[in-house]
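Taking it in order: structure first as structure tokens, then the write-up.
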Amino acid sequence: EETGKGQYEHFMLKEIFSQPTSLKKTIEGRIDSGAEPALEDIDASTLADVERVRLVGSGTSYHAALFGAALLNQSGVSARAIRASEYDVNTGDPEPNTLFVAVTQSGETADTLGALRRAKRNGIDTIAVTNVVQSTAARIAETPLYIRAGPEIGVAATKTFSSQAVMLTLLSQVVADAADGASTVDDVERLMTDLERLPESVEEVLASSDAEAVATHYLGKDAFFFIGRGIGCSVAKEGALKFKEITYEHAEGFASGELKHGPLALVTEDTPIVAVCTRSGERTVKNAMEAQTRGAPIVAVAPAGHEAVSEADAHLSVPDVHPVCRSLLANVQLQLLSYHCAATLGRAIDKPRNLAKSVTVE
Ligand code: G6P
């Protein structure tokens with residue numbers, strides 16, 4: 001049962017449904033009701049004098065890096081997410097007091113290890129956020145931070161993204177607290193309380209999701225555009241990646257404000273816009289409506305009562321928790337949307353064509 005698919009048709013579905021458990025393991029002993037997170041494995045000297053952070057990853061892990069970078073920037077710590085495959089060509093040597101964070105589920109991705117080794121040669125502090133104990137990344141980095149999500153069999157990452165994002169949320173708070181002059185994200189006490197309750201919120205989403213009905217309704221369209229802003233943008237990008245990986249349908253994810261700078265030319269009544277709306281008053285709603293005027297249906301991924309919902313053609317609901325947690329719950333809805341589309345199309349969900357769980361060549 002533990003290693004098999006159990007009652008589920010695919011490992012991916014099993015892994016989506018195991019997120020309440022895997023997230024509990026990720027946060028165990030690390031969150032203490034509203035207090036500063038305790039990352040037991042991180043040395044005070046690694047946190048001292050951090051002025052900027054580089055987060056590097058590939059595929060889904062890059063999207064987790066984007067999520068972490070957005071949170072760090074919101075907390076006043078300068079941060080950049082960089083695609084591991086672009087690190088050597090696009091990134092100069094780091095200034096002193098830069099913290100390097102490799103984000104890698106397997107800890108074996110060649111592009112990410114290449115960037116990590118280079119950071120080490122540059123003499124900056126390195127952390128590896130990884131799932132696999134004693135993986136190569138864990139051994140190279142000075143500080144391994146384990147997400148404890150358990151083995152992931154499905155090639156398309158699901159539970160490990162959620163755990164990486166939570167781990168990076170905790171890390172961003174710890175780095176911000178240690179950095180001079182940095183503040184914290186909005187309403188940090190509520191964030192910690194809601195993170196502690198995230199496993200229950202995920203249960204709620206899993207038990208009530210309309211993703212299967214939405215998937216069936218929109219299947220067969222020409223393309224699917226996922227949009228969001230800030231951390232919502234990283235979730236939109238991850239939603240689109242998951243969708244293309246397992247459905248083989250065309251999907252793109254981008255910042256909502258970019259729709260008007262190009263992609264709008266592709267918008268028709270056959271291009272649903274999946275809008276991740278996790279904050280109230282955000283421009284994503286307006287951006288989505290500009291596409292709706294051109295005939296595109298909107299699928300709002302938002303809490304009930306959010307202004308996006310009354311404008312949308314379909315709704316995937318998330319509990320009304322802290323916006324950071326809403327984004328993680330929106331991601332769970334998008335996992336289910338991709339899964340149900342791919343299942344209806346009869347795709348090889350656990351082993352999509354041409355893809356590998358871990359890519360150990362550059
Ligand atoms: C491959 C997998 C992706 C994964 C990426 C990074 O491309 O198909 O699902 O996100 O590698 O893997 P890592 O183990 O470094 O997180």
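Within region 38-139, considering only helices (runs of 4 or more DSSP H) that don't extend past its boundaries, which have at least 2 residues that are among the basic types (Lys, Arg)? Write out each step before concluding.
Details: elements: 44-47, 59-74, 87-90, 110-121.
Passing ranges, in order: 110-121.
Quick one: count up the residues across region 25-49 that are more than 16 Å from the ligand (Cβ to nearest atom) and either within 26 Å of THR109 (Cα to Cα) or of a type in the set (Asp, Glu) (or both). Quick ask: steps written out before the conclusion?
Applying the first criterion (more than 16 Å from the ligand (Cβ to nearest atom)) to region 25-49 yields 25, 27-49.
So of that shortlist, the ones also either within 26 Å of THR109 (Cα to Cα) or of a type in the set (Asp, Glu) (or both) come out as 25, 27-28, 32, 36, 39-43, 46-47, 49.
Looking only at that region, the number is 13.
Yes or no, residue by residue, for (1) within 14 Å of the ligand (Cβ to nearest atom); (2) in contact (Cβ under 8 Å) with a residue 60 or more places away in the chain:
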| residue | (1), (2) |
| --- | --- |
| ARG83 | yes, no |
| VAL103 | yes, yes |
| GLU108 | yes, yes |
| ALA119 | no, yes |
| ALA137 | yes, no |
| ALA141 | yes, no |
| ILE147 | yes, yes |
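Residues that are out of contact with any Ser or Thr (no Cβ under 8 Å at 6 or more places or on another chain): find the strands (runs of 3 or more DSSP E) completely inside region 261-362 holding 3 or more of those.
Working: elements: 273-276, 298-302, 314-317.
Per the criteria, 298-302.
If the requirement is being away from the ligand (no atom under 16 Å from the Cβ), under 15 Å from VAL235 (Cα atoms), buried (at least 23 other Cβ atoms within 10 Å of the Cβ) and without any contact (Cβ under 8 Å) to a residue 40 or more places away in the chain, which of these qualifies: ALA308, ALA300, ALA255? Full working, then the answer.
On the way: ALA308 fails: under 15 Å from VAL235 (Cα atoms); ALA255 fails: buried (at least 23 other Cβ atoms within 10 Å of the Cβ).
Every option except ALA300 fails the conditions.
So which of GLY114, GLY123 ends up being more than 12 Å from the ligand (Cβ to nearest atom) and surrounded by fewer than 23 Cβ atoms within 10 Å (Cβ to Cβ)? I'd like the intermediate steps shown before the answer.
On the way: GLY114 fails: more than 12 Å from the ligand (Cβ to nearest atom).
On inspection, the qualifying residue turns out to be GLY123.
Going through THR126, THR21, THR112 one at a time, which residue ends up being among the hydroxyl-bearing types (Ser, Thr, Tyr) and more than 27 Å from ILE349 (Cα to Cα)? Quick ask: steps written out before the conclusion?
Details: THR21 fails: more than 27 Å from ILE349 (Cα to Cα); THR112 fails: more than 27 Å from ILE349 (Cα to Cα).
Only one candidate qualifies: THR126.
Looking at PHE243, PHE226 in this structure, which one is of a type outside the set (A, V, I, L, M), in contact with a Gly (Cβ under 7 Å, 6 or more places away or on another chain) and buried (at least 19 other Cβ atoms within 10 Å of the Cβ)? Lay out the reasoning, then the answer.
Details: PHE243 fails: in contact with a Gly (Cβ under 7 Å, 6 or more places away or on another chain).
It is PHE226.
Every number here is computed from the coordinates shown, using simple stated rules; none is lab data. Model, not experiment: these values are computed from the prediction. Don't worry about glycine lacking a Cβ; one is built from the backbone with ideal geometry, like all the others, and counts go over all protein chains shown.
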